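The values are calculated or read from the model by the stated rules, or taken from the named source; none is laboratory data. All figures in this text were calculated on a predicted structure; none of them were measured in a lab. Note: ideal-geometry Cβ built from the backbone for every residue, glycine included; neighbour counts use all protein chains shown.
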Amino acid sequence: MEFIRTEIPDVVLCKPTIYNDERGYFYEVFKKESFEKNVGYSVNFCQDNEAKSSKGVLRGLHYQLPPYAQSKLVRVIKGKVLDVVVDIRKESATFGKSVVVELSEENKYQLFVPQGFAHGYLTLTDDTIFCYKVDNYYNKESERGIIYNDKNLNIDWHYPLNELIISEKDKIQPTFKNADLFEPNFKMND
């Protein structure tokens, strides 16, 4: 597995080594020891989630506030997504910046999204299956979001916005300026 720090160094792209032959393929999806060595700290994933979506579904931008903040390791089992991560840590040098990565069943890339980041994705194919590990459980009271088309974030979703399929909840999220973000004393789990 190759670990590549993105433009926001805390967000890490994981590129697997895939072994193909006439039978199919094999690769290591997750190995705790090498993952933590390359991320730089211990991450204790406690739950795996999976979502199936039609083409054009946009989910996000979501996050949870401390003490229920979540790190995520995301990937696509079937199909293709445009994955978006936004730094919401107020004292970060990359505050308000985003990383956009295409994850697919073909490239088998994974993206590590640390605590302190909003996350969303747009499905680019029908019947896309998206899965992710989290290091904290869902807590409804700490759930927050940012509107997907915030003009200050200026995220290029590479898709006609009028054709997106979006939940009612995601259509009414606050702007980046009005969202509850991570306070300066926030520290990622060690």
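Just a few scattered comments:
- Residue in segment 167-178 that is within 18 Å of the chain's Cα centre (by Cα), at pLDDT below 95 and in a loop (DSSP other than H, G, I, E, B) present: no
- Scanning segment 1-58 for residues that are closer than 27 Å to residue 89 by Cβ and of a type in the set (Phe, Trp, Tyr) returns 3, 30, 35, 41, 45.
- Reported count of residues in segment 1-22, each being free of Cβ contacts under 8 Å to residues at least 40 places away in the same chain and touching a strand residue (DSSP E or B) at 6+ places or on another chain (Cβ under 8 Å), is 7.
- When each of 121, 132, 63 is tested for being closer than 21 Å to residue 2 by Cβ and either free of Cβ contacts under 8 Å to residues at least 60 places away in the same chain or buried (at least 19 other Cβ atoms within 10 Å of the Cβ) (or both), the lone residue that passes is 132.
- Taking residues in segment 137-158 that are in contact (Cβ under 8 Å) with a residue 60 or more places away in the chain and on the phi < 0 side of the Ramachandran plot, and partners anywhere that are part of a loop (DSSP other than H, G, I, E, B) and small (Gly, Ala, Ser), the pairs with Cβ atoms closer than 7 Å and at least 6 places apart or on different chains are 144/179; 146/179; 153/96.
- Listed here are the strands (runs of 3 or more DSSP E) enclosed by segment 9-48 that have at least 3 residues being closer than 14 Å to residue 112 by Cβ, modelled with pLDDT under 95 and of a type in the set (D, E, K, R), and there are none.
- Count - residues of segment 159-173 that are free of Cβ contacts under 8 Å to residues at least 60 places away in the same chain and either of a type in the set (A, V, I, L, M, F, W, C) or loosely packed, with under 10 Cβ neighbours inside 10 Å (or both): 5
- Cβ-Cβ contacts under 7 Å between residues 6 or more apart (or on different chains), taken from a first residue in segment 26-46 that is surrounded by 11 or more Cβ atoms within 10 Å (Cβ to Cβ) and of a type in the set (Gly, Ala, Ser) to a second residue that is at pLDDT 95 or above and not in a loop (DSSP other than H, G, I, E, B), are listed as 42/36.
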